[in-house]
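Working notes for the structure below.
The values are calculated or read from the model by the stated rules, or taken from the named source; none is laboratory data. Note that this is a predicted model, so its numbers are computed, not measured. Please note: Cβ atoms are built from the backbone with ideal geometry, for glycine as well, and neighbour counts cover all protein chains shown. Only protein heavy atoms, including side chains, enter the accessible area calculation; ligands, DNA and RNA are left aside. Shrake-Rupley method; radii C 1.70, N 1.55, O 1.52, S 1.80 Å.
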Amino acid sequence: MARFFIEVGYNGTDLCGFQIQDGQETVQSVVSAALQTVIKEPIALTGSSRTDAGVHAKQNFFHFDTDQTITPKHIYSLNAILPPTVVIHHIYVVAPQAHARFDALSRTYTYTVTTKKDPFLIDKAWHFPFPVLLETLQAMALELINHQDFEAFSKKNAGNKTNICAIEISNWQTVSPSVFTYTVKSNRFLRGMVRGLVGTMLRLARQSASKEEAIEAFKAVILSKDPSLCDFSTPAKGLVLETVAYPNGCLEQPI
């Protein structure tokens with residue numbers, strides 16, 4: 001039996017998240033159903049990174065096992081029957097022990113904020129109608145690199161075995177005068193973590209009298225390990241899983 005990684009992308013606006021749920025249309029449920037239709041056998045999918053309802057992904061992965069020969073025609077057939085909001089980019093032959101979740105080295109997310117109402121960003125960005133102090137936001141973003149325990153940015157009762165995350169990149173940038181994007185890369189993320197980071201940084205940037213005050217307030221939230229001090233109200237629609245990285249050679253055999 002061979003193992004395959006399947007690379008997917010999706011607009012999560014009308015999906016109830018990534019993982020399969022009874023009676024709900026999710027990324028896993030529609031891909032699983034499409035695979036069963038095309039391959040004509042039940043397929044068990046194991047996902048790389050769970051995303052919440054409304055969150056998008058340019059790149060995410062499942063792995064699955066089958067004795068059947070998978071060809072490029074299967075990708076064409078899958079995309080033909082999947083809903084227009086979900087796409088199969090590639091399918092890779094991988095080592096039998098390869099694991100979509102546990103072998104991932106890092107995940108990179110972006111979050112987009114617009115300070116002006118924009119109908120073209122209605123399901124892709126958070127309309128935040130307040131001045132955005134990029135210098136203050138960037139100073140707080142860089143502070144994250146100095147920490148590893150992010151319990152304060154995990155929703156309660158998430159069941160984490162550990163709250164330790166190794167953040168490699170944390171950066172705000174200007175896309176246009178009214179659009180700003182936050183990028184964060186880490187080996188792993190806690191449930192609700194990116195949205196919590198964005199919401200808390202934006203709240204403290206507005207409330208603080210200076211950049212220095214905002215940094216100290218943000219640092220206090222991190223060190224508190226108290227999720228009640230974090231702002232999780234950030235809407236899902238601005239969040240995109242951009243990439244999932246694997247060791248060299250893992251994805252070297254596309255079908």
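Mean separation of Cα pairs under 8 Å and 6 or more residues apart, divided by the residue count, gives the chain a relative contact order of 25 percent.
Evaluating kT/(6 pi eta Rh) at 20 °C and 1.002 mPa s, with the Kirkwood radius of region 104-255 over Cα pairs in the Stokes-Einstein relation, gives 134 µm² s⁻¹. Within a straight-line Cα-Cα reach of under 27 Å, K73 can be paired with the following lysines, leaving aside sequence neighbours fewer than 8 residues apart in one chain: K40, K58.
Helical runs assigned H by DSSP (4 residues or longer) give the chain a calculated mean residue ellipticity at 222 nm of -7500 deg cm²/dmol, each run adding -39500 (n - 2.57) before division by the residue total.
Of all lysines in the structure, those lying under 26 Å Cα to Cα from K161, and not within fewer than 8 positions of it along the same chain, are K185, K219, K225.
Comparing T71, T37, T183 in a Gaussian network model of the chain (Cα springs below 10 Å), the most mobile by mean-square fluctuation is T71. Considering only H147, H127, H56, the Gaussian network model of the chain with Cα springs below 10 Å gives its largest mean-square fluctuation to H147. Ranking G17, A214, T115 by Cα position along the charge dipole of the chain, where only Lys, Arg, Asp and Glu carry charges on their C-beta atoms, puts T115 farthest toward the positive end. Assuming charge only on the beta carbon of Lys and Arg (+1) and of Asp and Glu (-1), the dipole of region 107-255 about its Cα centre is about 460 debye to the nearest 20.
Determine the share of region 1-93's accessible area contributed by carbon and sulfur atoms, expressed in whole percent, with a 1.4 angstrom probe.
Result for region 1-93: 51 percent of the exposed heavy-atom area is carbon or sulfur.
Helix 134-143 axis versus longest C-alpha principal axis of the chain: approximately 70°, rounded to the nearest ten. When the trypsin sites (Lys or Arg not before Pro) in region 13-62 are filtered for DSSP coil states and for at most 10 other beta-carbon atoms within 10 Å of their beta-carbon, the remaining sites are K40. Rounded to the nearest 20 debye, the dipole magnitude of the chain is 220 debye, with +1 charges on Lys and Arg beta carbons, -1 on Asp and Glu beta carbons, and the Cα centre as origin.
Note on A95 and A166: their simple-model spin labels are 1.8 nm apart, each label 7 Å out from Cα toward Cβ.
Solvent-accessible area per residue in the chain equals 48 Å², computed with a 1.4 angstrom probe and all protein chains kept.
In this rough spin-label picture, where each label sits 7 Å from Cα along the Cβ direction, the D149-T66 distance is 4.6 nm. Given a 1.4 Å probe and the protein chains as shown, S170 ends up with an accessible area of around 10 Å². W172 sits with roughly 10 Å² accessible to a 1.4 Å probe, with DNA, RNA and ligands left out of the calculation.
Which label belongs to the value computed from this structure, given these candidates for Rg and Dmax of the Cα atoms in Å: (1) 18.1, 56; (2) 26.3, 115; (3) 19.4, 63? Entry (3).
Measuring between their Cα centroids, region 228-255 and region 1-64 lie 14 Å from each other.
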